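The values are calculated or read from the model by the stated rules, or taken from the named source; none is laboratory data. Every value quoted in this text rests on a predicted model; they were computed, and no experiment measured them. Cβ: placed from backbone, ideal geometry, glycine included. Neighbour counts: every protein chain shown.
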Amino acid sequence: MPGVSEDQVKLARDIDLLSYLKASEPNELRRSGPHEYRTATHGSLVISNGKWIWNRGSVAGRSALDYLIKVRGMGFVEAVERVLASSAVPASLLPVENAQAEKMLHLRKVFELPQPARFASNAISYLQERGISAKVIGPCVNNGTIYESRYKGKPVCVFVGKDDSGIARFANMRGIYEKYHRDADGSDKRFSFRIPARNPHSRHLSVFEAAIDTLSHATLQYRGGWEYDGHRLSLGGTSPVALIAFIGRNPQITKITLHLDNDAAGLTAARKIKEKLIRDNQFKHIKVSINPPRGAKDYNEALLQAVQQKREQHPGRRRESGIISL
């Protein structure tokens, strides 16, 4: 099987959900009876007698692997790797000398936010050079979802994802002066970078591949003056894990617009995500549409085109300035 061996699949299937959550995500567990647990993210998911059932999603299983695939929407290989990366699996049972073992040990590292730099001037300048408005950057800097750090001595812009309690669970680092991006060790993709709606009960969700595109869409709205008060979510790629988790935590969502990249990979991923949501009965109340940026690869490119067009129309006008309080 591509990506994982039969032995690894067998080992992953042997790990029950309760053991997995106790080892990897103890904050997810809520005891609801002498021998029964529920989860913080999915209140209708019950774990009892070595089995689990998600009443809202009408799915059930025993293993952690089933849970990651059926509830969190992970791909099969990614789910196997995630289970084997948990401390529920004794390290002695993992393969010793191959790339897969190295990857699992990497996933097993505890999540910590990269150390923030004293100032965020490089990160702010980088984002403004990408066309992002100070009006969009400022709130993110002030709430700690954007800041500057250093990785291997080089400055990086950090995009943080938080859970509903405001606790950081995810961080993506993007190089400021060179092409580089990676997730911090132990990042939980379910809580990727997002820009919340002003109305927390908003029913509309816009979805992007990258944090830069998420910020660009918000900037285009600010520059264009059009109305939108929906949530914006970055997938951190094309996997639907963050999306499935978000709508699981926000059952009021009834409209999802997929703004993935306007290329073969992005369009294919958007179609697959839409088909996945349509096939799943738990999401039958959600209207899903695909809206890639017109005439551009992604929303940051669309933003930069709009900025350039504005400069050509008003050649004497200076670039937008803004004061960002820190």
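Checking the structure you have, find out if any residue of the range 47-59 is farther than 26 Å from Lys284 by Cβ and surrounded by 18 or more Cβ atoms within 10 Å (Cβ to Cβ). Scanning the range 47-59 turns up no residue that is farther than 26 Å from Lys284 by Cβ and surrounded by 18 or more Cβ atoms within 10 Å (Cβ to Cβ).
Rundown of residues vs (1) of a type in the set (Lys, Arg); (2) closer than 23 Å to His231 by Cβ, yes/no style:
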site: Ser149; (1), (2): no, no
site: Ala168; (1), (2): no, yes
site: Tyr180; (1), (2): no, no
site: Asp183; (1), (2): no, yes
site: Arg190; (1), (2): yes, yes
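Taking the conditions (1) surrounded by 14 or more Cβ atoms within 10 Å (Cβ to Cβ); (2) among the acidic types (Asp, Glu); (3) farther than 22 Å from Ile247 by Cβ in turn, Glu6 satisfies each one other than (1).
Taking the condition at pLDDT below 90 and out of contact with any Leu (no Cβ under 7 Å at 6 or more places or on another chain), does Lys287 pass? Working first, answer last.
Details: at pLDDT below 90: no; out of contact with any Leu (no Cβ under 7 Å at 6 or more places or on another chain): yes.
Here the answer is no, as Lys287 does not meet what is asked.
Go through the range 266-284 and count every residue that is charged (D, E, K, R) and at pLDDT below 90. Steps first, please.
Keep residues of the range 266-284 that are charged (D, E, K, R), which gives 271-272, 274-276, 279-280, 284.
With at pLDDT below 90 added as a condition, the list becomes 276, 279-280, 284.
Counting residues in the range 266-284 that are charged (D, E, K, R) and at pLDDT below 90 gives 4.
Counting the residues of the range 214-241 that are β-branched (Val, Ile, Thr) and out of contact with any helix residue (DSSP H, G or I) (no Cβ under 7 Å at 6 or more places or on another chain) gives 1.
Quick grid of which residues meet (1) of a type in the set (D, E, K, R); (2) in the same structural domain as Tyr147 (by TED's automatic domain parsing); (3) within 10 Å of the chain's Cα centre (by Cα); (4) under 21 Å from Ser133 (Cβ atoms):
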| position | (1), (2), (3), (4) |
| --- | --- |
| Glu209 | yes, yes, yes, yes |
| Ile212 | no, yes, no, yes |
| Thr219 | no, yes, no, yes |
| Arg223 | yes, yes, no, yes |
| Trp226 | no, yes, no, yes |
| Ser239 | no, yes, yes, no |
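Scoring Gly138 on the criteria (1) within 12 Å of the chain's Cα centre (by Cα); (2) in a helix (DSSP H, G or I) leaves a single failure, condition (1).
Which one of Ser239, Ser216, Ser192 is of a type in the set (S, T, N, Q) and closer than 22 Å to Glu112 by Cβ?
On the way: Ser239 fails: closer than 22 Å to Glu112 by Cβ; Ser216 fails: closer than 22 Å to Glu112 by Cβ.
On inspection, the qualifying residue turns out to be Ser192.
Can you pull out every residue in the range 195-217 that is under 21 Å from Glu301 (Cβ atoms) and of a type outside the set (A, V, I, L, M)? Break it down stepwise before answering.
As a first pass, look at the range 195-217 and keep what is under 21 Å from Glu301 (Cβ atoms): 195, 206-217.
Within the range 195-217, Ser206, Phe208, Glu209, Asp213, Thr214, Ser216, His217 meet the criteria.
Considering only residues of the range 229-247 that are touching a His at 6+ places or on another chain (Cβ under 9 Å) and under 19 Å from Glu209 (Cα atoms), which is surrounded by the most Cβ atoms within 10 Å (Cβ to Cβ)? Among those that are touching a His at 6+ places or on another chain (Cβ under 9 Å) and under 19 Å from Glu209 (Cα atoms), it is Arg232. Sub-9 Å Cβ pairs linking a first residue in the range 234-247 that is under 9 Å from Gly73 (Cβ atoms) to a second residue that is in a strand (DSSP E or B), at least 6 apart or interchain, are Pro240/Val207; Leu243/Leu205; Leu243/Val207; Leu243/Leu233; Leu243/Ile256; Leu243/Leu258, ordered by first then second residue. Considered as a group, the residues in the range 66-98 that are at pLDDT below 80 and hydroxyl-bearing (Ser, Thr, Tyr) include one that is surrounded by the most Cβ atoms within 10 Å (Cβ to Cβ), and that residue is Ser86. Of everything in the range 141-188 that is among the charged types (D, E, K, R), surrounded by fewer than 16 Cβ atoms within 10 Å (Cβ to Cβ) and within 16 Å of the chain's Cα centre (by Cα), the residue that is farthest from Ala218 (Cα to Cα) is Asp185.
Closer than 30 Å to Tyr151 by Cα, assigned to a loop (DSSP other than H, G, I, E, B) and at pLDDT below 95: does that describe Asp185? So Asp185 fits the description; yes.
Do we have any residue at all in the range 310-317 that's within 30 Å of Lys70 (Cβ to Cβ), acidic (Asp, Glu) and at pLDDT below 85? Spell out how you get there, then give the answer.
Initial filter on the range 310-317 (within 30 Å of Lys70 (Cβ to Cβ)): none.
No; the residues of the range 310-317 include none that is within 30 Å of Lys70 (Cβ to Cβ), acidic (Asp, Glu) and at pLDDT below 85.
Just one of (1) at pLDDT 60 or above; (2) in a helix (DSSP H, G or I); (3) aliphatic (A, V, I, L, M) fails for Ala101. It is (1).
Going through (1) touching a residue at least 60 places away in the same chain (Cβ under 8 Å); (2) more than 15 Å from Val141 (Cα to Cα); (3) aromatic (Phe, Trp, Tyr) one by one, Phe159 falls short only on (2).
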